[in-house]
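Below is one structure, written out as structure tokens; comments come after it.
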Amino acid sequence: MKILATVTNVVHSGRAIPGIFIEIELKNDENERISILGYSIDIHICGISIGNNVKFSTLTIKPNNCSKLREFYDITPYIFKTIENQRKGGDVPINISIGILRINATSQLNINSFNYHGINVQPINYKLSERDWISLVSKMGYANYAIFEIRYPDIPLILGFDKIIKRLEEAQKLLFEGRNEEVVTKCRKAFEILNPLVLDKTSGIKAMTSQLSTQIDMGCTKKQNEPSKSERIEELRQKIWKTLHMGPHEGYTLTRDDAELILYLCLSLVRYYSSQFYNLSKNE
């Protein structure tokens, strides 16, 4: 007895809980009908288990015919984030293991008169392209919650920088949960750690450290009466810092769009600074 299994479609759920339906086609290549009492489908995405559905339901497949199974799997924010960390901006492998309980049935199904045995179907290795994956999770709603285009920054060997990344990761988790004000609070805490790393403590005014400004301005020719590139970056940091103090205590209502914008801005600037610190370390 042999059953050939293939993935025919992967679609978003349309449910309140983000998730996907995975459609699997079972083909009976025998010359007699196959009666199935139950089955299990174990799904891994990027090596991460997203569920093992077990069902007991009578299913008959005629000779040289096909039947489709359609199973739902949750893609919670935690699972989604783990998949994103694993795929690292690439394609998404889906590995599927299927177990089938076949009935060695007589012409009439009688609980007292039939035998059954298990069948392990050949595992399915399926792959979604990055484009298809982003389209899929966008339909699930994650386009409103997650950042695809901006890669998480590498962590330079600077005391405290890992804590900045941790605060931004916490902010993104809060964004998943719709806790907009707390997103901004976490971003502000990230900048409270960042500010001393980029500012000259000896200067009486808010100015970037000479090492960092020299690195940023390297290769630039400053026009007369125009601010340098590093001064423009510092001006941007100051404006984001002011934005991070928005909240109900100042009469502002923070929407999801506000929280998402602020998280984008913070992650982008931190990404930029991490690159500059990395370049500085190479030149030392």
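The values are calculated or read from the model by the stated rules, or taken from the named source; none is laboratory data. Bear in mind the structure is a predicted one, so any value in this text is a computation, not a measurement. Virtual Cβ from ideal backbone geometry, glycine too; neighbours counted across all protein chains shown.
Any chance region 161-168 includes a residue that's in a helix (DSSP H, G or I), at pLDDT below 60 and closer than 17 Å to PHE80 by Cα? Spell out the reasoning first.
As a first pass, look at region 161-168 and keep what is in a helix (DSSP H, G or I): 161-168.
Add one more test, that the residue is at pLDDT below 60, and what stays is none.
The answer is no, given that none of the residues of region 161-168 is in a helix (DSSP H, G or I), at pLDDT below 60 and closer than 17 Å to PHE80 by Cα.
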Looking only at region 233-255, count every residue that is surrounded by 12 or more Cβ atoms within 10 Å (Cβ to Cβ) and among the basic types (Lys, Arg) and tell me the total. 1
Looking at region 27-47 only, could you name the residues that are under 34 Å from the mean Cα position of the chain (by Cα) and surrounded by 14 or more Cβ atoms within 10 Å (Cβ to Cβ)? LYS27, GLY38, TYR39, SER40, ILE41, ASP42, ILE43, HIS44, ILE45, CYS46
Mind checking whether some residue in region 273-281 is free of Cβ contacts under 8 Å to residues at least 60 places away in the same chain and surrounded by fewer than 17 Cβ atoms within 10 Å (Cβ to Cβ)? no
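Go through LYS62, LYS88 for me and flag whichever is loosely packed, with under 14 Cβ neighbours inside 10 Å and under 29 Å from the mean Cα position of the chain (by Cα). Step through it out loud before you land on a result.
On the way: LYS62 fails: under 29 Å from the mean Cα position of the chain (by Cα).
Sole residue among the options that is loosely packed, with under 14 Cβ neighbours inside 10 Å and under 29 Å from the mean Cα position of the chain (by Cα): LYS88.
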For region 72-97, enumerate the residues that are assigned to a strand (DSSP E or B) and either of a type in the set (S, T, N, Q) or in contact with an Asp or Glu (Cβ under 8 Å, 6 or more places away or on another chain) (or both). VAL92, ASN95, ILE96, SER97
